[in-house]
Amino acid sequence: MSAAGEIVNQKSAPQLRSGALNLVETVGQSLAAIAPTLTPALNISVVAGLAGLGCWLSYLIGTLGVVIVAASVGVLASRHPEAGSYFVYIGRSFGPLTGALAGWSMISAYMFTAVAVALSFGIFLGDFLAAFGFELKALPMAAVMLVFIATVTYAAYRDIRMSSRIGLMLEIISVGIVIAITVLFVRVRGTVIDPGQLKVAAFNYGGVFSALPFVIFSFVGFESSATLAKESADPRRNIPLAVIGCAAFAGIFFTLIAYLMVFGIGNDTAALGKSAAPFGDVAAKAGLGSASMVVYFAAMISVFACCLASVNAAARLLFSMGKYRFLHRSMGLVHDTHRTPHRAILLCGCLLAAICAAIAPAGFLDAFGYAGTFASFGFVVVYFALCLVAPMDLRKSREMKPRHVLVGMAGAALMLFVVVGSVYPVPHYPYNILPYLFFGYLAVGAVWFAVLKVKSPQTLASIQHDMEGN
């Protein structure tokens, strides 16, 4: 039987729960995947160390770039609401092989994001317990990590509506905690005017631009609600609102929190750049040392939400690619009761545990950096392609206008800059080999899909027709 015929026959099998998510729950997926709390809790250290007093400006520039990419995603999402969306968006414009590589790239992006945040759970848990004088040894920590991963996998397996609601609720709580503590240390300072951070002419602009790859990592996941388009009510409206709205909210939050944290630590960006618990150190500087344990607790909440959202997104990509036989067809199966891609979710859970076990011996903090950097390559490559695809897609329907081309070019240029910044200046080992490992991963996918094209050309051809039943 042909691939197209098998896809048609699948319509009698259980399908994803169409229309299960309202706008708020769709927003929950993107917001949880961004995990805004992780930036002040951990990610901001790298940006502050590179950009110095221009830390907030790096986040502002990054915000503009990400919102441009989000606008491109919004254009495509409003026209093609598909599960495993990036595989479809790019495949329809650049061909099935390129679409498959986009899906392959995003699977690694979401999986390694899940790995990074799972490892950060261990970091924050250790910091939280240390505040009470306790320390977890290697074996108990490994057991806790397995329980964490199993809980995430179960939540994803059980119900997408429950997953999105949990993610949104947890992020609201954790962001609320961060904002409340920020207000407290601003009150201690008595003002929000910091002359040092407002002298933009004195910034080290080399550092400001060098920090952009790490700034982009703070945003990754804003687009993840698009992978749930089949399960969202009114996806042509809800997905663009969720993607663009979450990108804009996160950017405003990151820019303001970066400014206030540098202000709160007395403009000592060198100390902030070396901190493994930056927000806790800022709170302690303001005489709010007891707030550190609350920060760590908020970070653990955010980590769970982000890991759950990442597994959900990766599983939907596996589902879409399995459904069209780019991967094993078991990935395209849906649970009879829960209406989730259960096989894909279980595979994600197993991969998450295996990768964490493989790289954790390097130390949780270092392993977090390796996984996060590797994940960012997958996102940036696809973001670049999406900025090119959006105006091309509009051109097919004769809706393209000059502004669409300008927006696409601006977004693509920024993403290209991020890619170049990851290899030059040459980073230290092992970060210097991570870009090449990622392109090796892409090469493996390209070889597999090329073999598939020879063995089963009708499989690749099917993406060019009415995919996902639309």
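The values are calculated or read from the model by the stated rules, or taken from the named source; none is laboratory data. Because the structure is a prediction, the values reported are computed rather than measured. All Cβ positions, even for glycine, are placed from backbone atoms using ideal geometry, and neighbour counts span all protein chains on display.
Of everything in segment 117-141, what is touching a Leu at 6+ places or on another chain (Cβ under 9 Å) and part of a helix (DSSP H, G or I)? Give them in sequence order.
Filtering segment 117-141 for residues touching a Leu at 6+ places or on another chain (Cβ under 9 Å) gives 117-120, 122-126, 129, 135-136, 141.
Those that are touching a Leu at 6+ places or on another chain (Cβ under 9 Å) and part of a helix (DSSP H, G or I): V117, A118, L119, S120, G122, I123, F124, L125, G126, L129, M141.
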Across segment 195-240, the tally of residues that are at pLDDT 90 or above and charged (D, E, K, R) stands at 1
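Being under 21 Å from F438 (Cα atoms), without any contact (Cβ under 8 Å) to a residue 60 or more places away in the chain, in contact with a helix residue (DSSP H, G or I) (Cβ under 8 Å, 6 or more places away or on another chain) and of a type outside the set (K, R), is that true of even one residue in segment 392-409? Please lay out each step first, then the result.
Our first condition is that a residue be under 21 Å from F438 (Cα atoms); within segment 392-409, this holds for none.
No; the residues of segment 392-409 include none that is under 21 Å from F438 (Cα atoms), without any contact (Cβ under 8 Å) to a residue 60 or more places away in the chain, in contact with a helix residue (DSSP H, G or I) (Cβ under 8 Å, 6 or more places away or on another chain) and of a type outside the set (K, R).
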Residue count, segment 324-342, condition more than 27 Å from L31 (Cβ to Cβ) and part of a helix (DSSP H, G or I), comes to 3
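Taking I257, is it buried (at least 21 other Cβ atoms within 10 Å of the Cβ), within 24 Å of the chain's Cα centre (by Cα) and farther than 30 Å from L452 by Cα? Explain how you work it out, then say what you get.
Numbers: buried (at least 21 other Cβ atoms within 10 Å of the Cβ): yes; within 24 Å of the chain's Cα centre (by Cα): yes; farther than 30 Å from L452 by Cα: yes.
Yes.
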Could you count how many residues in segment 396-414 are surrounded by fewer than 18 Cβ atoms within 10 Å (Cβ to Cβ) and either of a type in the set (G, A, S) or over 29 Å from the mean Cα position of the chain (by Cα) (or both)?
-> 8
So T98 clears everything in (1) under 19 Å from the mean Cα position of the chain (by Cα); (2) of a type outside the set (A, V, I, L, M); (3) within 18 Å of F379 (Cα to Cα) except one condition, right? Which one?
-> (1)
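So is I252 surrounded by fewer than 24 Cβ atoms within 10 Å (Cβ to Cβ) and modelled with pLDDT of 85 or more or not? Even if it seems obvious, please write down each step before you answer.
On the way: surrounded by fewer than 24 Cβ atoms within 10 Å (Cβ to Cβ): yes; modelled with pLDDT of 85 or more: yes.
Yes: the conditions hold for I252.
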Taking segment 215-242 as the search range and keeping residues that are assigned to a loop (DSSP other than H, G, I, E, B) and within 13 Å of G28 (Cβ to Cβ), which one is nearest to the chain's Cα centre (by Cα)?
-> G221
Say we look at segment 426-442 and pick out the residues that are of a type in the set (S, T, Y) and in contact with a helix residue (DSSP H, G or I) (Cβ under 7 Å, 6 or more places away or on another chain); which of these is surrounded by the most Cβ atoms within 10 Å (Cβ to Cβ)?
-> Y441
Looking only at segment 171-198, and only at residues there that are outside any helix (DSSP H, G or I) and touching a residue at least 40 places away in the same chain (Cβ under 8 Å), the one that is surrounded by the most Cβ atoms within 10 Å (Cβ to Cβ) = D194
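Results for (1) among the β-branched types (V, I, T); (2) under 17 Å from the mean Cα position of the chain (by Cα), shown as yes or no for each residue.
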{"position": "L38", "(1), (2)": "no, yes"}
{"position": "V46", "(1), (2)": "yes, no"}
{"position": "G49", "(1), (2)": "no, no"}
{"position": "G52", "(1), (2)": "no, no"}
{"position": "W56", "(1), (2)": "no, no"}
{"position": "G65", "(1), (2)": "no, yes"}
{"position": "A70", "(1), (2)": "no, yes"}
{"position": "V73", "(1), (2)": "yes, yes"}
{"position": "H80", "(1), (2)": "no, no"}
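Determine whether V69 is farther than 16 Å from G378 by Cα, among the hydrophobic types (A, V, I, L, M, F, W, C) and in contact with a helix residue (DSSP H, G or I) (Cβ under 7 Å, 6 or more places away or on another chain). Before the answer, list the steps.
Numbers: farther than 16 Å from G378 by Cα: no; among the hydrophobic types (A, V, I, L, M, F, W, C): yes; in contact with a helix residue (DSSP H, G or I) (Cβ under 7 Å, 6 or more places away or on another chain): yes.
For V69, the condition - farther than 16 Å from G378 by Cα, among the hydrophobic types (A, V, I, L, M, F, W, C) and in contact with a helix residue (DSSP H, G or I) (Cβ under 7 Å, 6 or more places away or on another chain) - is not met.
Matching residues to (1) assigned to a helix (DSSP H, G or I); (2) among the acidic types (D, E); (3) buried (at least 21 other Cβ atoms within 10 Å of the Cβ):
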residue: T26; (1), (2), (3): yes, no, yes
residue: L31; (1), (2), (3): yes, no, yes
residue: P36; (1), (2), (3): no, no, yes
residue: A41; (1), (2), (3): yes, no, yes
residue: S78; (1), (2), (3): yes, no, no
residue: M111; (1), (2), (3): yes, no, yes
Is one or more of the residues making up segment 357-376 under 23 Å from S164 (Cα atoms) and touching a Leu at 6+ places or on another chain (Cβ under 8 Å)?
-> no
In segment 330-355, which residues are touching a residue at least 60 places away in the same chain (Cβ under 8 Å) and out of contact with any Leu (no Cβ under 9 Å at 6 or more places or on another chain)?
-> L333, H335, D336, H338, L346, G349, L351, L352, I355
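Have a look at F297, F304, F279 and point out the one that is part of a helix (DSSP H, G or I) and under 19 Å from the mean Cα position of the chain (by Cα).
On the way: F297 fails: under 19 Å from the mean Cα position of the chain (by Cα); F279 fails: under 19 Å from the mean Cα position of the chain (by Cα).
Every option except F304 fails the conditions.
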